[in-house]
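Structure, as structure tokens:
Here, each number is a calculation from the coordinates, and none is a lab measurement. Every value quoted in this text rests on a predicted model; they were computed, and no experiment measured them. Every residue, glycine as well, gets a Cβ built from its backbone with ideal geometry; the counts of neighbours run over all protein chains shown.
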Amino acid sequence: MTAIDPTAHLTSEQIEELGRELDAIRDEVIADRGEKDAAYIRKVISAQRKLELVSRGVLLFSIFPPAWLIGTAGLSVAKIMDNMEIGHNILHGQWDWMRDPKIHSTTWEWDHVSPSEQWKHSHNELHHTYTNVIGKDNDLGYGIMRVDEDQKWHPFHLGQPLWNFINACFFEYGIAAYDLELGKNLNKRRRKSPEFRARAKAVGRKIRKQVLKDYVIHPLLSGPSFLPTLGATFTANLVRNLWTHSVIMCGHFPEGVQVFERRSIKGETRGQWYLRQMMGSANISGSKAMHFMTGNLSHQIEHHLFPDLPSNRYAEVAVKVRALFEKYELEYVTGPLPKQVFSAWHKVFRLSLPNKKPKVETPDREQELVAA
């Protein structure tokens, strides 16, 4: 909620025309997707499973330092692949068009403590619908951080750099917590709700399953390498959590990314929804390997515009989307990973402190257009 609206120069007609142009980009990819795309995701799944199997096999001998290093590195990469390029994107329905029951959003379960069904609700239905809308988007600040200067400051916010770091280290558990919407379900009456209790039990079952697999069965199979394997699995989960947290932070929290008030989405048109995704997201520039390891969420802007398009198509879509940013004189927020990480964390620290700047009321889009 900046004092100067970076979209104020656009008329309502231009915004709807922008929406139609984006619809055309989406339709073009949908009409063109086919066997090449299907072969891509099958190849990625196969490579991930082989890498995980080999890495866990190497860790059976993790009592030897070289085996520990190789196995831990391989397992870390395998877990990142499972969460990012595979799990996240399958659960978005990006590959449902294949009609393959083994690679479908309704049947896929991932290597994560949050049950896929709950994640799809909080992420696909809430986060992607209400991107960066304060009080509606749980992914914005993860419910524990002040994310805008106009938000009221409390002494609790002084600790948000620490809360954010802890959340990063145990990110999959943080996701499970706000998938459960614990913030609004902690009072006694809501905790007794049959719906909440059923969801909480589902999370508990998933956590037990993950802990049993990673911290009991695999270490036990390692025999004398029990403790090294236990440590290796913990390290791989930590690496995966820190990486995914960094990618998500870079997608929505760097300087230049806009946040929105609830009132701003009242009566929102399709063109206005597209515009909010463009202004509420940021990209990460880098190599093909980096894009792959982020699950192509380095193309966060394109992902938020077209969350159900195959992730391997975002790079080509990005060229056309960036051209539209230039055409409509909008800022395309992007940068290399170190820059975006620094920008996001700088904002975390900056907003942890009280802001003495007086609040500036931002006029509604409708009022701006009338005034123009």
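Out of all Cα-Cα pairs in the range 240-319, roughly what percent, to the nearest whole number, are more than 17 Å apart? The calculated P(r) of the range 240-319 puts 48 percent of pairs beyond 17 Å. Note on the chain: Kirkwood radius taken over Cα pairs, Stokes-Einstein applied at 4 °C and 1.567 mPa s, translational D equal to 59 µm² s⁻¹.
Sorting the segments 244-253, 289-298 by their residues' average number of neighbouring beta-carbon atoms within 10 angstrom, most packed first, yields 244-253, 289-298. What is the range 87-128 by shape, rounded, prolate or oblate, if you read a ≥ b ≥ c off the alpha carbon gyration tensor as root eigenvalues and call it rounded for a/c under 1.5, prolate for a/b larger than b/c, and oblate otherwise? It comes out oblate by the Cα gyration axes. Applied to the range 111-123, the Karplus parametrisation 6.51 cos²θ - 1.76 cosθ + 1.60 on θ = phi - 60° returns per-residue 3J(HN,Hα) values of 7, 7, 6, 8, x, 4, 5, 5, 5, 4, 5, 6, 8 Hz, with x for Gly and Pro. Compared with the dominant principal axis of the Cα atoms in the chain, helix 12-32 is inclined by about 30°.
Once you sort the root eigenvalues of the Cα gyration tensor of the range 29-179 as a ≥ b ≥ c, which label holds: rounded (a/c under 1.5), prolate (a/b larger than b/c) or oblate (the other case)? In terms of gyration-tensor shape, oblate.
For the cross-link pairs Lys120/Lys209; Lys136/Lys266; Lys152/Lys339; Lys152/Lys192; Lys43/Lys213, the ones whose C-alpha atoms lie over 21 Å apart are Lys152/Lys339; Lys152/Lys192; Lys43/Lys213. For the range 120-166, a Kirkwood radius taken over Cα pairs fed into Stokes-Einstein (10 °C, viscosity 1.306 mPa s) yields D = 138 µm²/s. Assuming 1.002 mPa s and 20 °C, estimate D for the range 278-329 with Stokes-Einstein, Rh taken as the Kirkwood radius over Cα pairs, in µm²/s. Estimated diffusion coefficient is 193 µm²/s.
Note that the range 318-326 has calculated 3J(HN,Hα) couplings of 4, 4, 6, 5, 5, 4, 5, 4, 5 Hz, one per residue in order, obtained from phi through the Karplus relation 6.51 cos²θ - 1.76 cosθ + 1.60 (θ = phi - 60°); glycine and proline are x.
Counting only Cβ charges, +1 for Lys and Arg and -1 for Asp and Glu, the dipole size of the chain around its Cα centre is about 1900 debye. Ordering of 39-47, 170-178 by packing is 170-178, 39-47, highest average first (other Cβ atoms within 10 Å, averaged per residue). Amide hydrogen proximity for Ser285: with H placed 1.01 Å from N in the peptide plane, the residues at 5 or more positions away or on another chain lying under 5 Å are Gly335, Leu337.
Among 95-103, 308-316, 327-335, the peptide with the highest mean count of other Cβ atoms within 10 Å heads the list, and the full ranking is 308-316, 327-335, 95-103. Restriction of the trypsin sites (Lys or Arg not before Pro) in the range 195-278 to DSSP coil positions whose beta-carbon has at most 12 other beta-carbons within 10 angstrom yields Lys266. Name the residues whose placed amide hydrogens come within less than 5 Å of the amide hydrogen of Asp137, ignoring near sequence neighbours (fewer than 5 apart) on the same chain. For Asp137, no residues qualify. Applying the Karplus relation 6.51 cos²θ - 1.76 cosθ + 1.60 with θ = phi - 60° to the range 332-344 yields 3J(HN,Hα) values of 8, 6, 7, x, x, 3, x, 5, 5, 5, 4, 4, 5 Hz, where x marks Gly and Pro.
By its C-alpha gyration tensor, with a ≥ b ≥ c as the square roots of the eigenvalues, how is the range 171-306 shaped: rounded for a/c under 1.5, else prolate for a/b larger than b/c, else oblate? Note, shape of the range 171-306 comes out oblate. For the chain, the relative contact order is 27 percent, taking Cα pairs closer than 8 Å that sit 6 or more residues apart in sequence and dividing their mean separation by the residue count.
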